[in-house]
Amino acid sequence: MSQVNLTINGIPVQAKAGMTILEAAKTVGIDIPTFCHDPELAKVGACRICVVEVAGARNLPAACTVPVAEGMVIQTETERVRAARKTILNLIWANHPQDCLVCEKTGSCKLQDYSYRYGVSGSIYKGQKKEIPFDDTNPFFFRDLNKCILCGKCVRKCHDINGVGAVDFMWRGFKTMVTTPFDVPIEESSCVFCGMCVDVCPVGALTPKQGLGQGRSFEVDKVFTTCPYCGCGCTLYLNVKNDKIVGVTPNFEGPINGHLCVKGRFGWDFVDSPDRLKTPLIKKGGQFVEAGWDEALDLVAEKFKEVRAQYGADALGGFSSARCTNEDNYLFQKLLRVLGTNNVDHCARL
Amino acid sequence: MASLATAFGSGAMTNTIGEIEEADTIFVMGSNTTENHPVIGYRIKRAVRKGAKLIVADPRAIELCEYADVFLQLRPGTNEALLNGLAHVVIRDGLTDEEFIKERTEGYEELKAALEKYTPEYVSEITGVPAADIEKAAHLYAKAKAASFLYTMGVTQHTSGTNNVFTIANLAMLTGNLGKRGAGVNPLRGQNNVQGACDMGALPVVFTGYQPVTNDEARAKFEKAWGVPLSGKPGLTATEMVNAAGKKQLRALYIMGENPMVSDADINHAFHCLDSLDFLVVQDIFMTETAKIADVVLPAVTFAEKEGTFVNTERRVQKVNQAVKPRGQARADWEIIRDIANRLGFDWKYKKAEDVFNEIRQLTPSYAGITYGRLGVTGVHWPCPTEDHPGTPILHVGKFSRGLGKFTPIEYTPPAEEPDEEYPFTLTTGRILYHYHTGTMTRRSKGLGEIHKEEYMEINPADAEALGVAECDMVKVTSRRGEVKTKVKITDRVPKGVVFMTFHFSETAVNLLTNTACCPTAKIPELKVCTVRLEKA
């Protein structure tokens, strides 16, 4: 693909033809703010927060949609650009709850980040406020549509990535909102709760129920791992605070990922279920009795020895597990085999 | 897997998940992908929106049917007849990839002869699929530049399971859909590490990397590495072990992270057999239905509390990292196994999961080049023979693992049970989006448990009316092996005469009903077809 030479903030940039200004800027580490942009979604240029100054252009074009051209001279943080961004932020704040103190999104909210960056605290515009009832009817996430800035990323993820198209824009003008057809409760819509909308929401309009109040994004450690459910093998980050999982973030750099389903996104809390087995148990007189590891493992070893001595190694067998790691499975089959039997299998067939 | 190993020399997904979007035609058979492999489901739907053609073959009108160009609603248990029909049309209409057949395969003439009788009309009689749709699907699949075939348990959990996969391999080879981007024969593995458990030799006939226990050279290699003589006698499969326990041939059983008392076909039979054991030890994270009947229960950690690797359905080895400390006294499975081994007189010195992985690498050529350090956030596809090898996303490029691809003629065999007067309905089983396998994890997850609390058997409106049952009414479902009571969901997702249940709910355990009749090669029970009688309860 041919190269295009341009200048961004005085830095000479060689970009691939067809790249947007936003993408070209990113290649040299220049961060242009965005609300409605997502690398895998169609470019809509709706929010205008990414406007930049292009020498010779009459207006301020949106960096996320305008392709680079040979010889372009671009400035991303001029006074004119900053003033335009401040106006946009003021317009958003004119109709956005100011409850950052308790908002679950604080710390990972783009509205907050850009307000900080451009020194905007509230709005110079006074007017009507949205009064859409807070929605907590589904088991997985809250919907506070008063906080929605209508960037539309959730709509595009739902239609273009997931494919169910459970939500879209409804009404027009001030009344515009993102909701289900006929505004039915989301659990009665075609939503499959993959959580992609929650993950791309730039503000606090969509937040997961689990982990509520348990940790800000900057307080958690993000531990990379692989989902324990189906064979897709989506990788993700477990968000951990004080040795407790408080959430999940998709791995947007993963080869097949950045997408999860309802189980991987919201189904991790079994880890701290009160039903977890906490100690070894030995059945005595028909009842399980708590035992120490030594007692339990000694008993297992003794029984295996007994059976092997009396009936031969092929009287032993083991079901390994498609749920466990390679390392677990390897040692499991090794154990059975060094004991002298190939009676080892797992539930691949079920 | 056995069929793919015979046909191609390697039993695994031949291509990657990402490439699904590069296919011109996608054929999905016996896979309710949007519920069981949702992230792959997104890819299929996106491919269709971008112009790919979609063929769906399933007894149920699953969500993907809404996106399909052709929906082949076949009678349960008639997969191989349908695919033979497609292959017949491909040959009849001159749509074969002659060069591929000539250069890369053997056994074509025998296949061609065997397929002669599988005319669309004959196949239509067996499968219930209109002949015109069989022809349309064959053309869509064969004329694509690259066609990807995706399948799961709807193909394999049949007495004809292995044969069904042979017919898929045949169709893919006839049309040259192997060894290139966007094509392939792709079994989607149902669990996070089925692929890995197989790779690791948690199978009765192979060591790691599918090295046969019956091969003297392989055995000698493992004997040398492990320092003990090893048995060359193939072991028993899980279903055979259960039966052997019932006959007192198997005396002690160690079950790690499995719940056969819910997942096995014919649970009453499984219970009788496992109950006959002298000693049962179960290692799990919860008190499962199987743990309840054990003599010793060992608490293991969840994925979040341990380190190791999983292999996803596209053979990508990926890292699992410890995020939180083990709960209670629970321990990592590999640590428990090590400690048992050491009490049995072995001297296993593994201190961390990586020590185990390094031993795996040394003994497994397809893993030799993979290190923990290389896995990063993207993982590596096996085979990966050396540390400077990039891994192998696509198998069989230019040449099959076994050399020439092998055509295997297959004759249609009906399922072990067919509807009759006493048991007039066909019951088929599977999963739903919100739950997973025997439900031990998902039912203990607040949101998932809440959104779908109990079983709803899917039944066709006409059948419901004939039985006099309304939505959410209870019915008694009886098979030759047992009975359960369940609520019904009336839906035309299932055709007349077919009902569908999941195996997620132990209180309405569908496997009390299912048939243990197995595929003779793969020993997979026919969980997708058994016959039942329904009564309003």
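Comparing Cα centroids, the stretch A:146-164 and the stretch B:68-136 end up 42 angstrom apart. The trypsin sites (Lys or Arg not before Pro) of the stretch B:347-377 meeting both criteria, a DSSP state outside H, G, I, E and B (loop) and at most 12 other C-beta atoms within 10 angstrom of the site's C-beta, are B:349, B:351.
Short-range pairs are left out: with C-alpha atoms under 8 Å and at least six residues apart, the relative contact order of chain B is 18 percent. Its Cα gyration tensor gives chain A an equivalent ellipsoid. The semi-axes, each the square root of 5 times an eigenvalue, are 52, 26, 18 Å from largest down. Loop-located chymotrypsin sites (Phe, Trp or Tyr not before Pro) across the stretch A:201-270 with a Cβ neighbour count of 11 or fewer within 10 Å are A:218, with loop assigned by DSSP. Normalised by the number of residues in the stretch B:2-188, the average gap of Cα pairs under 8 Å and 6 or more apart makes the relative contact order 33 percent. Computed over the stretch A:214-272, the quotient of the alpha carbon radius of gyration and 2.2 N^0.38 Å is 1.07.
Give me the log10 of I(q) over I(0) for the stretch B:2-188 at q = 0.14 Å⁻¹, as the Debye formula computes it from C-alpha points; what are the numbers? Once normalised to I(0) and log-transformed, intensities are -0.68. When all alpha carbon pairs of the stretch B:425-536 are counted in 5 Å bins from zero, the resulting P(r) reads 2, 13, 22, 23, 19, 13, 6, 2, 0 %. Placing unit charges on the Cβ atoms of the charged side chains and taking the dipole of the stretch B:146-287 about its Cα centre, the candidate lying farthest along the positive direction among B:147, B:190, B:215 is B:147. Phi angles across the stretch A:190-200 convert, under the Karplus curve 6.51 cos²θ - 1.76 cosθ + 1.60 with θ = phi - 60°, into 3J(HN,Hα) values of 7, 4, 10, 6, 6, x, 4, 5, 4, 5, 9 Hz, Gly and Pro given as x. Database remark: amide H of residue B:255 closer than 5 angstrom to the amide H of A:319, B:281, B:282, B:283 (H placed geometrically; neighbours at sequence offset of 5 or more, or on other chains; Pro and chain starts carry no H). The residue among B:337, B:517, B:39 whose Cα reaches farthest toward the positive pole of the charge dipole of chain B, with charges on the beta-carbon of Lys, Arg, Asp and Glu, is B:337. Taking a sphere under 13 Å around the Cβ of residue B:191 and counting the other residues whose Cβ falls inside, with K and R at +1 and D and E at -1, yields a net charge of +4. For the pairs A:303/B:248; A:222/A:263; A:283/A:303; B:112/B:406; A:16/A:110; B:476/B:496, flag any whose C-alpha to C-alpha distance is greater than 21 Å. Going by Cα-Cα distance, A:16/A:110 fall outside the 21 Å limit.
In this simple spin-label model, placing a label point 7 Å from the Cα along the Cα-to-Cβ direction at both residue B:491 and residue B:446 gives a separation of 2.7 nm. Quick one: grab the alpha carbon gyration tensor of the stretch B:239-299, order the square roots of its eigenvalues as a ≥ b ≥ c, and give me rounded if a/c is under 1.5, else prolate or oblate depending on whether a/b is larger than b/c. Since a/c reaches 1.5 but b/c is at least a/b, the shape of the stretch B:239-299 is classed as oblate. Looking at the square roots a ≥ b ≥ c of the eigenvalues of the Cα gyration tensor of chain B, which shape do they give, rounded for a/c under 1.5, prolate if a/b is larger than b/c, or oblate? Oblate shape, in that a/c is at least 1.5 and b/c is the bigger or equal ratio. The residue among A:324, A:344, A:123 whose Cα reaches farthest toward the positive pole of the charge dipole of chain A, with charges on the beta-carbon of Lys, Arg, Asp and Glu, is A:123. With the simple model of a label 7 Å out from the Cα in the direction of the Cβ, residue A:298 to residue A:128 spans 7.8 nm. With the alpha-carbon atoms of the stretch A:108-228 aligned to their principal axes, the span from lowest to highest coordinate is 49, 39, 25 Å, starting with the largest.
On the basis of the beta-carbon distance and an R0 of 45 Å, residue B:221 and residue B:249 show a calculated FRET efficiency of 0.95.
With only the Cα atoms considered, the stretch A:104-172 has a convex hull volume of 145 Å³ per residue. To the nearest 0.05, what FRET efficiency results for residue A:253 and residue B:471 with a Förster distance of 30 Å applied to their C-beta separation? Efficiency at R0 = 30 Å is approximately 0.10. Calculate, for residue A:69 and residue B:50, the FRET efficiency according to 1/(1 + (r/R0)^6) with r their C-beta to C-beta distance and R0 25 Å; round to the nearest 0.05. That pair, residue A:69 with residue B:50, gives E of 0.35. Magnitude of the charge dipole for chain B, about its Cα centre and with charges confined to Cβ atoms of Lys, Arg (+1) and Asp, Glu (-1), is about 1500 debye. Averaged over the residues of peptide A:244-252, the number of Cβ atoms from other protein chains lying within 10 Å of each residue's Cβ is 1.
Spread over its residues, the convex hull of the C-alpha atoms of the protein assembly as shown is 177 Å³ per residue. Extension gain for the segment residue A:102 to residue A:116, taken as residue separation times 0.36 nm less the Cα-Cα distance, is 3.3 nm to one decimal. Between residue B:521 and residue A:31, the distance separating the two model label sites (each 7 Å from Cα on the Cα→Cβ line) works out to 5.7 nm.
Among the GluC sites (Glu not before Pro) within the stretch A:100-188, those in coil by DSSP and having at most 14 neighbouring Cβ atoms inside 10 Å are A:131.
Values in this text are rule-based calculations from the coordinates and carry no lab data. Model, not experiment: these values are computed from the prediction. So basically every Cβ, Gly included, is an ideal-geometry build from the backbone, and we count neighbours across all protein chains shown.
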